[in-house]
Every structure is written in structure tokens, then in C-alpha cells.
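Read the structure below first, then the notes.
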């Protein structure tokens, strides 16, 4: 019998999580790990490993083929669709303390597309070799140039077989033209709700009256298009985080069933306003506490609020193919089909790469809409989106589920060769996946209630909780 290489990590002083290259995992006691390390597996150990697909008798047998199939599904990245972020303007009508974009003031000039840039953006979209696309409008505040949004939407609906638009808006300004644009079923809104009134005011608007305008506009948009086409996320200042119960209540008040916790990103203006975001590890404790509070609240109220990132990471553990989310891969497969086009026509592999250029830290542009893509730059960046060969990641059981973020490493450390386990990205995701595994293996009703509903299951099958003898 041959055993596929296993990586392992202690969850506590009694339990260790192990996983192979395909992402198949199981829980074991330290004694099992000792036998595995000494090549002294017992007959029951070997039977378990064969039954769970971690071993095979000979090349080409069913167990061997099954592992290769699972491994290849983990490596495969689907094609046929594109995800393009467009920045029609860098101007914004707010001055959020944690702005990661280095936005331009509302009255500034020279920070919008002109007619020539718009046409070249449309030409770029037309040349994409796909029939499905998601176009996300960011800024600045995209609705300041509704004319550009309408022009892109009109073109894309003719050009692509399937198209979806996401407008990332602060919703401070609404008028009939904006509402009419939102009436189309293929348009979604992404906005920020940082929690209770006072927290949102402190973090984003700086003015209680402006916060009232936002809350009223959010209520109006939800009433017009329904909560299903609106997503919201809070950005958490870890120096002054909101109480989890208050934050969840603020989202429930608007009928949201999902929120996505995000710490302040060490980019743009946030580098000066929130310097602690560069190295703070307090986030991991807050995040764990929030998830525990959310699970307890769901069980107590009978309502189901999802924390998107935890639910997404759970799905990544359990199912290959759930790998499109860019917080786990940055840059996300750098190519023309995954790109950000800035207000000046420069093309970047990710939004964070655009931000590094804005503060003049490093130019990671992969071309522009006038001259096209820089294939040499793309080739240099391409290895950065995988963690398969990282000297630290290859020893981690979470490697098949996790990703890599050299852009964040550059922002925080000014280099991309930070030992993985020392990077903020790695420390954050070790904590996330540790918690995800702990939750999977907990059988108390409170946890079952939330996890089963986040995963779309009646209950958590025991097959998802394999344990070595």
C-alpha cells in the first residue's frame, strides 16, 4: 500500500487535522500522527486511509484514479467567462477614514474617463474571447458618471450572451435616473454598512445627517429592487470594532441575511489613518468571537445570518471549484479576462495592484486600453496566484483550500518573499481555516443549525467529519 503525502496541523493539544494534495482531510489523535511519521501505521490505520482515498494499492487502480480526479478538480480553473472591474471615475463624495483607493475630491478634474477612453474600454471588452462576463463598477463613486455606466451596459448587453453588472456605491446620492438604471434585473448593488448609526458615521460619513441620507437611500433601494440584488459589507476598524450583536442587528434591520466582515485594508489613505492595520493580529480574535456570537444568535432567534467569508471557506474545504473569490488569490489568474481598468485606461491584475500604483509604491500595470496587454508583465505575475510550490504552503493541510496574496505582502512589507507563515495573509487564513475545521467537527445543535444552512444542507453528514482510528 502507498499513502499519498499528508500534511498536518494541530488544532489543539489532542487533535490534529491532516489533508492530502487533493484536499481530502480527516481528524486524528497525536498517536496516529506519530505512527504515520515513523512509517509504523497499524492495519486499522491502513484500512482507514484506503477507505478514505488517502492511499492506493497500485497505480491505475480505482483509489489511485479517484485521487488523481480529485486533485485535478482542485487544480482546474474554469474558463469561458470574464470578470472585469471598471473605474469610470476616481472622484468621490465621501472621505472615509479607511479609504483604500486614494480617491480624488468631488470637484477635481482629470480623474474621469473621457470619450476616447470609454471607446477604448468598449473595444477591450469586445476583444475578450468569452460569452459571459461580470462587470463591476468601482471608483471613486461610480454613479457620479452614470452616463459611462449606461454606455458600458448598453454595449455589453449586445455583445455578451450573459452579463451581470455590480455597482459598488456608497448610495449617498440617488435620483430617478440612477433608480431607473437599477431597475434592470442584471444590475446589482454592493455597498457598505459599518453597523449602528454612530459606527457608520465615525468610519464613513463623519456627519450624522449624511448617515441619515445613506440609511434612507438604502431603505429606498431595497424597497425598489429587493434585498436579493443588494449586498453589503462592514469594514472593521480593529482599534474600535463594533459589538457583534449590534452589528448583526444593524444588518437584520434591513432584511439582510448575509454580511461579509472585512478588516481595514492597508492600502491608500488607510495607510495614514489606520497604521495599526499593517501588523495588527487582533483581527483573528475579533473574527472568532464574531462567528461564535453569530452562531449563538442564529440558534437563539431562529433566523439565519451568514458571514460570507466563513461560509465561503467552508465551501472551499468541501467542494473543488469554489476558488474564484479574490481575497484568497491576488492576483486572481492574471489575464485579460480578469482585469481592472482604471480611470486613466491603465490595466491592472487586481484592484489592490491598482492601489499600490496610486500611492506610487510599485507599478503593477499589465497594459493599457490604448496599447493592449503587456504579455511579458503577465508572464512575470502569473506564478503569484498559486501556492502549490511555496516552501511553507507545501507543508500546510489548508494549502488546497487557501491561496496567496503577494499584493498584500508588497503593501505591508515592500517585498513578495516574506516567509509565508510570517505574512499577515497567512496568519489570518490559518485562523480562519482552523476555526472552519473546528466548527465542522463540532456536533452541538447551535453550530449544526448555522453550518447546515450556510452550506444548503438538511444537516451535516458524518461523512464530512472523518476521524482516524
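Quick note: the coordinates plus some simple rules give every number you see, no bench work behind them. Here the structure is a predicted model, which is why all the values come from computation and not from measurement. Neighbour counts run over all protein chains shown; Cβ positions are idealised from the backbone, glycine included.
Kindly rank 159-167, 103-111 from highest to lowest mean number of other beta carbons found within 10 Å of each residue. Intermediate values should be presented prior to the final figure.
Working: 159-167: 17.3, 103-111: 14.0.
Answer by packing, highest mean first, reads 159-167, 103-111.
State, in angstrom, two size descriptors of the range 1-76 derived from its alpha carbons: Rg to one decimal place and Dmax to the nearest whole number.
Computed over the Cα atoms of the range 1-76, radius of gyration and Dmax are 12.6, 38 Å.
Highest first, please rank the peptides 38-44, 61-67, 118-124 by the mean number of other Cβ atoms sitting within 10 Å of their residues. Present the calculation step by step, with values, prior to reporting the outcome.
Values: 38-44: 10.4, 61-67: 14.7, 118-124: 18.3.
The peptides rank, most packed first, as 118-124, 61-67, 38-44.
Any idea how far apart residue 303 and residue 388 come out in nm if each label point goes 7 Å out from Cα toward Cβ?
4.4
Cα convex hull of the range 338-422: mean projected area in nm², to one decimal?
Numbers: hull surface 24.0 nm².
Result: a mean projected hull area of 6.0 nm².
Give me 380, 171 sorted ascending by neighbouring Cβ count inside 10 Å, so fewest comes first.
380, 171
Under 10 °C and 1.306 mPa s, how fast does the chain diffuse according to Stokes-Einstein, given a Kirkwood radius computed over C-alpha pairs? Answer in µm²/s, whole number. Working shown, then result.
On the way: Rh = 23.9 Å.
Rounded, D is 66 µm²/s.
Let me know the Kirkwood hydrodynamic radius for the range 228-267, please, with Cα pairs as the basis and the value in Å to one decimal. Let's see the in-between values first.
Details: mean 1/r = 0.0903 Å⁻¹.
Hydrodynamic radius (Kirkwood, Cα pairs) of the range 228-267 is 11.1 Å.
Per DSSP H run of n ≥ 4, the term is -39500 (n - 2.57); total these for the chain, divide by its residue number, and report the mean residue ellipticity at 222 nm rounded to 500 deg cm²/dmol. All intermediate terms of the calculation are to be shown ahead of the outcome.
Working: 17 runs with 181 residues, N = 469.
Taken over the chain, the calculation gives -11500 deg cm²/dmol.
Between 0 and 90 degrees, rounded to the nearest ten: what's the tilt of helix 445-454 against the longest Cα principal axis of the chain?
60
Compute the distribution of all C-alpha to C-alpha distances in the range 81-280, in bins of 5 Å from 0, and list the percent of pairs in each, rounded to whole numbers.
Pair shares across the bins are 1, 7, 15, 18, 19, 17, 12, 7, 3, 0.
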